[in-house]
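The values are calculated or read from the model by the stated rules, or taken from the named source; none is laboratory data. All values derive from a computational prediction rather than experimental measurement. Using ideal geometry, Cβ is built from the backbone for each residue, glycine included, and neighbour counts are taken over all protein chains shown. For the accessible areas, the whole protein counts, side chains as well, though only heavy atoms, and no ligand, DNA or RNA atoms are used. Shrake-Rupley method; radii C 1.70, N 1.55, O 1.52, S 1.80 Å.
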Amino acid sequence: MSSSATLVEQMHQLIDQLAALDPASLRADEQRQLVMALQRETTRLAVVTADALAPWQESGVWRAGGTLRPELAIARDARRERLAARHDLHRARVLAVLPLARQAALDGRLSIDHVDLLVQHFTKVRADLFRRCEQWLVDRCASRDLFDDAARDVRYWAMWADDQLGIRRDPSAPSTLYASRSEVTGEVLLDGHLNPVDGDIVMRELQRLADELRLQDRRDGVERTPAQRRAAALVRMAARSVNAEGATARPLFQVLIGDETARHLCELATGIVVTPEDLAPHIDTAVMQTFLFDARHSVLGVSRQRTFRGVLRRAIQVRDRRCQHKSVCPTPASECDVDHRTPAARGGPTSEINGRMECRTHNRHPDLHGHPEPLGEREVTILDVMRATARWAALRDLDCDLDRDDVGEAGTQVLGPFTPTD
């Protein structure tokens, strides 16, 4: 038996032993260790599989018997789904030229999802620049607690890379919606897709109305599924439109604009990365807001009001991006409450320093809540705002005119500068 066959046989036997293990008999800490260890080893095994697939694919031995493509050989002999096999082969080809990402996955710093994220954004046009930035991309992904944050960083890198390479970014495809009515039952079937910006407008309002209906159902003792509430919310949207007497909604976009201006980096409040071209159709009707921070986590302003609302709430949303509970909850800030770090009942001020985003579950359940220490308070004056505005304008040749009515609550955030050396 060859050495490779021996190793595979040993792996087979180890998997048999794991399969014979009863996880329910383990202690809670042992169950957690087992689950996390298997997640890491799944990634490592996927990398080793890619190592084997790359030379096998290159050698052409899969052509035996007249097979036309390598994924067809895998689909036939391993009984795999053809598109899944093609995905594995593509991963193998890219990992063969990304040694740093490969090693980070073997070391347990990256998951297989991180690997696939990098593979997805590795294209022929970006290849040389990708290799030069590979260490930055790997470190960025490895440093993020949540995969969604890593995905946002890589998407930003891709937009930056396309700018460097002079690649023109086309706006997202127009939104489409199909509606057909059954002639037998009269039911209407909806199908279609919305581009990122249109989708953000619809999903925000749909979720808001669905939340209203959920609270109403609780008061009335009505039981409906989330899907039924969303359908009712859609009907309510249409009914309100009929009664709106021609009024046009003005959606609010909390767009995070990159340090190199909106030519480069734009992001919706929900964390969806979009191009400036995606926003162009909405410029005439939308309300746009930006936020200026004089430090990475410090908004220029303090509010004396009892509850977090208006500009102050939005500034904290922009800063925190998601629920700040210690469990690293992924709930986006747009779906969170603003919580006092030090409760107002104990003298905690309503300020950006004492505020943090928490999802409704973590914020409203006392056994899950907890109060972390507030960040260091500091007094903000009009001179602080003027100095920060002038500094950003001078460094980036921007026309920054901050409305003085907003001073004491918040100003503009500029993220960046975005370069793969940050």
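Entry remark, the stretch 61-77: residues being surrounded by 14 or more Cβ atoms within 10 Å (Cβ to Cβ) and of a type in the set (Asp, Glu) number 1 in total. Selection over the stretch 57-92 of residues that are farther than 15 Å from Ile112 by Cα and in a helix (DSSP H, G or I) gives a count of 21.
Taking the stretch 177-193 as the range and being among the hydrophobic types (A, V, I, L, M, F, W, C) and surrounded by 10 or more Cβ atoms within 10 Å (Cβ to Cβ) as the test, the residues that pass are Leu177, Leu190. Kindly provide the set of residues from the stretch 221-235 that are assigned to a helix (DSSP H, G or I), exposed (fewer than 14 other Cβ atoms within 10 Å of the Cβ) and either in contact with a helix residue (DSSP H, G or I) (Cβ under 8 Å, 6 or more places away or on another chain) or at pLDDT below 90 (or both), ordered by number. Across the stretch 221-235, the qualifying residues are Pro226, Val235.
Checking each residue of the stretch 364-384 against the condition of being modelled with pLDDT of 80 or more, part of a loop (DSSP other than H, G, I, E, B), on the phi < 0 side of the Ramachandran plot and open to solvent by 40 Å² or more (accessible area, probe 1.4 Å) gives at least one match. Determine whether Arg132 is open to solvent by 30 Å² or more (accessible area, probe 1.4 Å), in a helix (DSSP H, G or I), touching a Pro at 6+ places or on another chain (Cβ under 9 Å) and farther than 21 Å from Val328 by Cβ. For Arg132, the condition - open to solvent by 30 Å² or more (accessible area, probe 1.4 Å), in a helix (DSSP H, G or I), touching a Pro at 6+ places or on another chain (Cβ under 9 Å) and farther than 21 Å from Val328 by Cβ - is met.
The lone criterion from (1) out of contact with any Leu (no Cβ under 9 Å at 6 or more places or on another chain); (2) modelled with pLDDT under 90; (3) open to solvent by less than 30 Å² (accessible area, probe 1.4 Å); (4) not aliphatic (A, V, I, L, M) left unmet by Asp153 is number (1). Would you call Asp148 touching a Pro at 6+ places or on another chain (Cβ under 8 Å) and modelled with pLDDT under 90? The answer is yes for Asp148. Within the stretch 9-52, being within 14 Å of Gly108 (Cβ to Cβ), open to solvent by 90 Å² or more (accessible area, probe 1.4 Å) and among the polar types (S, T, N, Q) holds for Gln33, Gln39.
At pLDDT 85 or above, open to solvent by 80 Å² or more (accessible area, probe 1.4 Å) and more than 24 Å from the chain's Cα centre (by Cα) - does that describe any residue in the stretch 160-176? For the stretch 160-176, residues at pLDDT 85 or above, open to solvent by 80 Å² or more (accessible area, probe 1.4 Å) and more than 24 Å from the chain's Cα centre (by Cα): absent.
So, of the residues in the stretch 285-338 that are surrounded by fewer than 20 Cβ atoms within 10 Å (Cβ to Cβ), touching a strand residue (DSSP E or B) at 6+ places or on another chain (Cβ under 7 Å) and among the aliphatic types (A, V, I, L, M), which turns out to be modelled with the lowest pLDDT? The selected residue is Val302.
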